[in-house]
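What follows is a short report on a single structure.
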Ligand SMILES: [Mn+2]
């Protein structure tokens with residue numbers, strides 16, 4: 001398993017600056033979030049960007065292609081970007097925010113059809129796509145409780161995978177999100193198994209949707225890493241600390257120091 005860091009922790013830095021730091025800290029890859037709209041670059045500039053990334057010894061492990069809600073045109077541009085950056089995976093979010101339960105079924109069908117088309121678009125270009133279960137938001141909806149995301153729990157993601165039924169579509173497992181919805185991380189990893197194609201690592205406290213530096217909260221990373229190994233996961237472990245990080249270099253360094261020594265201690269590296 002290799003480590004990467006998500007650029008959404010580095011909102012004020014260019015990709016070149018980010019890669020320079022990540023390389024020094026010992027990361028293997030970088031994940032390009034929507035905070036970095038490099039899909040707007042022309043082809044020549046994308047080639048230069050890829051050369052820069054490679055010059056730091058890094059690879060692009062994933063590109064964020066949703067907002068997290070599905071915008072097909074944006075997603076296609078990000079899939080094209082992934083092709084140009086030799087990146088194998090694009091994430092497509094969690095579908096709609098469910099503000100009204102009466103609309104859930106209609107939203108489900110729309111998202112399923114949209115994902116099916118995007119999965120085909122990606123397949124034609126040699127790219128795999130992933131959906132990422134996300135916890136409810138604090139916005140209170142019609143039912144007087146926090147609004148859920150369409151794909152929020154294990155059963156949602158399993159059902160969506162089955163409904164879309166695309167061989168190049170899998171799951172982005174986010175360690176913090178699983179805790180917020182009070183599911184058992186090890187059980188979720190075992191049940192999703194081979195459908196896990198990408199992983200976000202962050203810590204969590206109090207079951208709230210925070211993205212803390214690994215090792216500073218309650219997430220059982222040792223158990224999670226062992227469980228991922230057991231299901232044969234060989235992809236990237238991508239630390240995701242989002243835009244609230246004031247000192248991304250410190251956060252990136254602390255994360256890999258903690259995770260690297262944990263891997264060593266449990267004999268995975
Ligand atoms: Mn995530």
task = Starting from the Cα gyration tensor of region 94-187, take the square roots of the eigenvalues, sort them a ≥ b ≥ c, and report rounded, prolate or oblate (rounded when a/c is under 1.5, otherwise prolate if a/b is larger than b/c, else oblate).
result = oblate
message = Along the Cα→Cβ direction, 7 angstrom out, place labels at residue 261 and residue 124. What is the inter-label distance in nm?
response = 5.1
Point-to-point label distance, residue 138-residue 23, nm (Cα→Cβ direction, 7 Å offset) = 4.0
request  = Would you mind telling me which residue in 107, 158, 24 has the biggest mean-square fluctuation in a Gaussian network model of the chain, where springs connect alpha carbons within a distance under 10 angstrom?
outcome  = 24
query = Can you give the calculated 222 nm mean residue ellipticity of the chain, where each DSSP H run of n ≥ 4 adds -39,500 (n - 2.57) and the sum is split over every residue, rounded to the nearest 500 deg cm²/dmol?
reply = -13000 deg cm²/dmol
key: region 126-237 - share of DSSP beta bridges that are antiparallel (%, nearest 5)   = 20
query = Who wins for biggest fluctuation among 213, 205, 189 in a Gaussian network model of the chain, springs between alpha carbons below 10 Å?
reply = 205
note = When the chain is treated as a Gaussian network with springs between alpha carbons less than 10 Å apart, the largest mean-square fluctuation among 238, 21, 91 is found at 21
inquiry  = If I model a spin label at residue 12 and residue 209 as a point 7 Å from the Cα along the Cα→Cβ vector, what separation in nanometres do I get?
reply    = 2.5
note = So for region 60-149, using the alpha carbon gyration tensor with a ≥ b ≥ c as root eigenvalues (a/c under 1.5 gives rounded; past that, a/b versus b/c decides prolate or oblate), I'd call it prolate
remark   = Counting only DSSP beta bridges with both partners in the chain, the antiparallel fraction in percent, to the nearest 5, comes to 15
note = Checked region 2-83 with the C-alpha gyration tensor, a ≥ b ≥ c its square-rooted eigenvalues, rounded below a/c of 1.5, otherwise prolate if a/b is larger than b/c and oblate if not; verdict prolate
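A short reminder: the numbers here are calculations on the coordinates, not readings from a lab. Not measured: the values here are computed from a predicted model. Using ideal geometry, Cβ is built from the backbone for each residue, glycine included, and neighbour counts are taken over all protein chains shown.
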